[in-house]
1. Tally Lys/Arg at +1 and Asp/Glu at -1 over every other residue whose Cβ is under 13 Å from the Cβ of residue 264; what's the total?
2. What net charge is computed for the residues neighbouring residue 238, neighbours being all others with C-beta under 15 Å from the C-beta of residue 238, Lys and Arg scored +1, Asp and Glu -1?
3. Residue by residue through segment 53-70, what is 3J(HN,Hα) from phi via Karplus (6.51 cos²θ - 1.76 cosθ + 1.60, θ = phi - 60°)? Round to whole Hz and write x for glycine and proline.
4. Counting only residues 5 or more places away or on other chains, whose amide H sits under 5 Å from the amide H of residue 184 once H atoms are built in the peptide plane?
5. Quote the relative contact order of segment 6-236 in percent (integer), defining contacts as alpha-carbon pairs under 8 Å separated by 6+ residues.
6. Taking H as built 1.01 Å from N, whose amide H comes closer than 5 Å to the amide H of residue 179, not counting residues under 5 places away?
7. Taking only DSSP H segments of four or more residues, each worth -39500 (n - 2.57), what value at 222 nm results for the chain once the sum is divided by all its residues, to the nearest 500 deg cm²/dmol?
8. Given segment 1-152, what percent of its DSSP beta bridges are antiparallel, to the nearest 5?
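Every number in this text was worked out from the coordinates using simple rules, so none of it is lab data. Note that the structure is predicted; figures quoted are calculated from it, not measured. Cβ: placed from backbone, ideal geometry, glycine included. Neighbour counts: every protein chain shown.
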Amino acid sequence: MLQATLTRHPHGITAVDTDYIRPGLAAAHLIEHGGRAAFVDVGTNHSVPRLLAALEMLGVARSAVDLVLLTHVHLDHAGGAGALLRELPSARAIVHPRGAPHLADPTRLIAASTAVYGATLYRELYGDLVPIPPERMSLMKDGQRVDFAGRELLLIDTPGHAMHHYCIVDAMYANVFTGDTLGLSYRELDTAAGAFVVPTTTPTQFDPEQLIASIDRLLGYAPQAAYLMHYSRVTGLPRIAASLKTQIRELAALARRHAGAANRGAAIRSEMRARWLELARLHGITLPEPRIDEILGKDLDLNAQGLVAWLARTAGR
C-alpha cells in the first residue's frame, strides 16, 4: 500500500504531505470529528493517492468524508479536487464563488497556470485537471457557518493573496485554516524563537492592503493555532501576523522602487532574497545560505512574478 507522510495534531487534525515539489512543502489537512471527516485543501492530481492512503492509514472510510474545503483554486491547493471527489461518494466541495467556475471548467485555470510555469513544468506538476460537477460544489458565503458533525466551521472571505480566497475558523478549538493568507512557514526554518514566516505574493491577484486587512480579520478571532498549506501548524500568531504585515509593506515598497528597472523581476527577487536572509539570521536560523535558497528559492521566484504582475496592474494609480 502506498504510504502517506502524516503529522498528527490536536483536535482531530492530521497534516498529510501532498508530495508537491519536495517533502515538507505542502500539506492537506484532514479533520476528524464525530465519526466524520473533512479535507482542507487537497494538493494536486498527484496528491490524491496519498490522501486516499492517509484515510486508510487512519481508518477513515471514504464514505465518511463529508467536506472538501478549498481555500482557493490555485492548483497546489485545489488541482486534485476533481479527481479526489470521484473517490469520495459523500463529499461536496465548498468553493469561493469567484473560483468555482474555474473548477467546473478549468480551461482558463490551466492557461493561467501554464503562463506561470510553462507547458512542460505545468504538466509535470499538475497533470490533467478533472472538472468538478457543479452539483458537487457549494459556494461559500462570507460569514457562513458550516455544521460539521456538530463542530461549527466559520467561513470568511480573505482576499489579498487571491480574490477567490477564504479561510476557515474552527472556533470550538481556536484554530484557523489559512490557505496562503498567513504566509509560508517551513519547519526546517523553525528556531527557539518559533516559526519563521514570509508572505506569499504569487501571481496574479496579490493586493497588499487587502492581504493586511485579511490578516487582521483572522487575528480578530483570537486563534491559538493556524494551519497553513505551506507547512501546517504554527502558533504565536500575534508575532507572526505583525511580522507578515511589516514584510508585506516592505515588499510593496521594494517592488515600487524597481518599477522602472529594465529587468525588474530579477531586481525585485534579488532584494527580496537579501531581506529574507537578513530576517532569517535575525530569527536565529543558522543554516548555510545555499540551504536557505534551496528551501525558499521557488517562493522567491513566484513572489517576484506576483509583485511584477501587481505593479503592472496598479500602474498609474
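1. Values: positive: 256, 257, 269; negative: 271.
Taking every Cβ under 13 Å from that of residue 264, the sum is +2.
2. Details: positive: 217, 239, 245; negative: 216.
Local charge sum for residue 238: +2.
3. Whole-Hz 3J(HN,Hα) from phi for segment 53-70: 5, 4, 4, 5, 5, 8, x, 9, 5, 4, 6, 7, 7, 9, 10, 10, 8, 10.
4. The answer is 198, 200.
5. On the way: 505 pairs, mean separation 40.3, N = 231.
Over segment 6-236, the number comes to 17 percent.
6. 229
7. Values: 10 runs with 122 residues, N = 317.
Computed mean residue ellipticity for the chain: -12000 deg cm²/dmol.
8. On the way: 16 of 26 bridges.
Approximately 60 percent, going by the DSSP bridge assignments.
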